[in-house]
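Just so it is clear, none of the values below were taken in a lab; they were calculated from the coordinates. Here the structure is a predicted model, which means the values were calculated and not measured. Here Cβ is always computed from backbone atoms with ideal geometry, including for glycine, and neighbour counts include all displayed protein chains.
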Amino acid sequence: MERYGAEYWIDQRDVPEELVSLVMTLPRLLPGEKPEQYYQLLEGMVIDLCPEETVEWMWVVELAALWFEISRLRLLKHALIPTARADVLDKALAKTHPDAGTPGTNHLMRVKARAERQTLMKNPTDVELNTRLRAYGYDGDALHALAFTESAEAIGFIDKMLASARKEVRAITREMKNYRNFYVRLNDAKLRFYDEQRELEAERSAKIAQQEKTSHACKDQE
């Protein structure tokens, strides 16, 4: 049996056949992402939430897609600072290069800056490059602050998207909880109704039996 194939979802996770296509529909994947990453998340939510009704399956699929997107956004947010720091470091190295400012050398300075950044990545304590950067005020804290400033707008945008996605998660979770509470109350009401009907039927049967007994007693007296 293929993991995360149609038979797997039906046999192992009790997905109704008419909902298999819904469950197996993938969100649009980005380069480097694999279907298994989404399916593992979805499977975990199926195990935790135990959907039964069609609407519950739809909620679980929507929740899985939202959490998958939240995971993406968090990874993107964490990657912004290192990426921005590399860009800031390139600019600082180009700006502090001895030949900086020479007409017609802008492209050459950028190429040299990238090469020097690679040198710093391999040897973060490189004396010559660190001394040059510090001479212009580019120590580690300054570079980090510049990187944060450069990526602040993007981070703020991602935070808004995260907040929106989490709000949707809370709304769906609350709706699912309310639905299940209503379903439980409805079932309880049905059970009480059936119990009352059985009691009434038992009372009627007992009354009929008593009437028949009384009728027979009267006939015997006659």
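Observations on the structure shown:
- Taking the helices alone, the chain has a mean residue ellipticity at 222 nm of -28500 deg cm²/dmol, built from -39,500 (n - 2.57) per DSSP H run of at least 4 residues and averaged over all its residues.
- In nm, spacing of pseudo-spin labels at LEU120 and PHE148 (7 Å Cα→C-beta vector): 1.8
- Other residues lying with their Cβ under 11 Å from the Cβ of SER151 contribute a combined charge of -1, Lys and Arg counting +1, Asp and Glu -1.
- GNM result for the chain, Cα springs below 10 Å: residue of SER71, SER164, SER21 fluctuating most strongly: SER21
- Projected area averaged over orientations for the chain, convex hull of C-alpha atoms, nm²: 22.2
- Full extension of the chain between GLU56 and LYS95 gives 8.2 nm of extra length, using 0.36 nm per residue less the Cα-Cα distance.
- Ranking of THR25, THR119 by neighbouring Cβ atoms within 10 Å, starting from the fewest: THR25, THR119.
- Membrane-span-like helices in the chain, defined purely by DSSP H runs whose alpha carbon atoms cover 18 Å or more axially and whose average Kyte-Doolittle hydropathy reaches -1.0, are 35-49, 54-96, 106-122, 140-221.
- Inter-label distance, nm, simple model (7 Å from Cα along the C-beta direction), ASN130/LEU75: 3.3
- Straight Cα distances below 18 angstrom link LYS167 to the aspartates and glutamates GLU62, GLU69, ASP159, GLU175, with same-chain residues fewer than 8 positions distant left out.
- Top of ALA142, ALA65, ALA206 by mean-square fluctuation, Gaussian network on the chain, Cα under 10 Å: ALA206
- Working from Cα pairs under 8 Å separated by at least six residues, relative contact order for the range 51-221 is 31 percent.
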